[in-house]
């Protein structure tokens, strides 16, 4: 039976793997930005999305000014010649695919322009790149390849956490930090934005409801520019 490496060895191996993954993610991002610049020079790139000032301010407030959407190239459409309608994000670059990026929200005469959940999801990936490093690109690709749509299910992460902690554990589950994969992390944040959870404090039942507490913890980390609940965190 194979022996588990000692903790210091695992730490060294983990750090080396993280550096290699960061390097690969950086190369993928640099290549994509070079292709985007070339397409733009040839007039073949999809048009950029010009976010209204109200939407930019809304996003800055939601992210706690850890992301400025005006510093990210956001394109409405997908890479020409590539039949891939879904959105994706690389460091400093977002392609929205078939998503509009902006939606009217509210009822009656109180409609306001807001970012779509898809745009928020992709901006979270940009945030991940700045906080944990370009390794997020590789990790996200692996998650999607292995799990498909299940990679985005952050509620399943909470369910697994509840299952993994034995009933005899002294610490209540709501005090245990949840560790979200990068896609589940981005999906939780985009779901919170869609429900406007980041703009009013949630009422949390400390004894029973995991979801509000998880949302609060993730949004607190998002706005502080740190990743205590992100499994791919660099620290």
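What are the residue pairs meeting all of these: first residue in region 19-46, first residue closer than 19 Å to residue 74 by Cβ, second residue assigned to a helix (DSSP H, G or I), Cβ atoms under 8 Å, and 6 or more apart or on different chains?
Sorted first by the residue in region 19-46, then by its partner, the pairs are 28/137; 28/138; 29/129; 29/137; 45/36; 45/39.
Do you know which residues across region 88-98 are part of a loop (DSSP other than H, G, I, E, B) and either in contact with a strand residue (DSSP E or B) (Cβ under 6 Å, 6 or more places away or on another chain) or at pLDDT 95 or above (or both)? Don't jump to the end; show me each part of the working.
Step one: filter region 88-98 for residues part of a loop (DSSP other than H, G, I, E, B), giving 91-92, 96-98.
Residue satisfying the conditions is 96 alone.
In region 98-118, what residues are closer than 20 Å to residue 77 by Cβ and in contact with a helix residue (DSSP H, G or I) (Cβ under 8 Å, 6 or more places away or on another chain)?
Selection gives 99, 101, 102, 113, 115, 117, 118.
State whether the residues of region 50-58 include one that is part of a helix (DSSP H, G or I), without any contact (Cβ under 8 Å) to a residue 40 or more places away in the chain and either surrounded by fewer than 14 Cβ atoms within 10 Å (Cβ to Cβ) or within 17 Å of the chain's Cα centre (by Cα) (or both). Explain how you work it out, then say what you get.
Taking region 50-58 as the starting set, the residues that turn out to be part of a helix (DSSP H, G or I) are 53-58.
Next, from what is left, pick out any that are without any contact (Cβ under 8 Å) to a residue 40 or more places away in the chain: 53, 56-57.
Keeping just the survivors that are either surrounded by fewer than 14 Cβ atoms within 10 Å (Cβ to Cβ) or within 17 Å of the chain's Cα centre (by Cα) (or both) gives 53, 57.
So far as region 50-58 goes, yes, one or more of its residues are part of a helix (DSSP H, G or I), without any contact (Cβ under 8 Å) to a residue 40 or more places away in the chain and either surrounded by fewer than 14 Cβ atoms within 10 Å (Cβ to Cβ) or within 17 Å of the chain's Cα centre (by Cα) (or both).
Just give me the residues in region 213-235 being outside any loop (DSSP other than H, G, I, E, B), out of contact with any helix residue (DSSP H, G or I) (no Cβ under 9 Å at 6 or more places or on another chain) and either at pLDDT below 90 or more than 21 Å from residue 153 (Cα to Cα) (or both), in sequence order.
Answer for region 213-235, where residues must be outside any loop (DSSP other than H, G, I, E, B), out of contact with any helix residue (DSSP H, G or I) (no Cβ under 9 Å at 6 or more places or on another chain) and either at pLDDT below 90 or more than 21 Å from residue 153 (Cα to Cα) (or both): just 224.
Take residue 152 and decide whether it is more than 22 Å from residue 23 (Cα to Cα), crowded, with 18+ Cβ neighbours inside 10 Å, out of contact with any strand residue (DSSP E or B) (no Cβ under 8 Å at 6 or more places or on another chain) and modelled with pLDDT of 80 or more.
Answer is yes for this residue.
Does residue 90 satisfy being over 17 Å from residue 198 (Cβ atoms) and under 16 Å from the mean Cα position of the chain (by Cα)?
Yes: the conditions hold for residue 90.
Name every residue in region 65-78 that is within 15 Å of the chain's Cα centre (by Cα) and within 15 Å of residue 198 (Cα to Cα), in order of residue number.
Listed by number, the residues that qualify are 66, 67.
Considering (1) surrounded by fewer than 20 Cβ atoms within 10 Å (Cβ to Cβ); (2) in contact with a strand residue (DSSP E or B) (Cβ under 8 Å, 6 or more places away or on another chain); (3) at pLDDT 90 or above, say which one residue 179 fails and leave the rest.
Among (1) surrounded by fewer than 20 Cβ atoms within 10 Å (Cβ to Cβ); (2) in contact with a strand residue (DSSP E or B) (Cβ under 8 Å, 6 or more places away or on another chain); (3) at pLDDT 90 or above, residue 179 violates only (3).
Within region 65-81, is there a residue that is modelled with pLDDT under 90 and under 25 Å from residue 152 (Cβ atoms)?
Yes, that holds for at least one residue.
Every residue in region 60-87 that is more than 23 Å from residue 191 (Cβ to Cβ) and in a loop (DSSP other than H, G, I, E, B), please.
77, 78, 79, 80, 81, 82, 83, 84, listed by residue number.
Conditions tested, residue by residue: (1) on the phi > 0 side of the Ramachandran plot; (2) surrounded by 22 or more Cβ atoms within 10 Å (Cβ to Cβ); (3) out of contact with any strand residue (DSSP E or B) (no Cβ under 7 Å at 6 or more places or on another chain).
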residue	(1), (2), (3)
72	no, no, no
76	no, no, yes
82	no, no, yes
85	no, no, yes
104	no, no, no
124	no, yes, yes
142	no, no, yes
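The values are calculated or read from the model by the stated rules, or taken from the named source; none is laboratory data. Just so it is clear, the model here is predicted, and its values are computed rather than measured. Neighbour counts run over all protein chains shown; Cβ positions are idealised from the backbone, glycine included.
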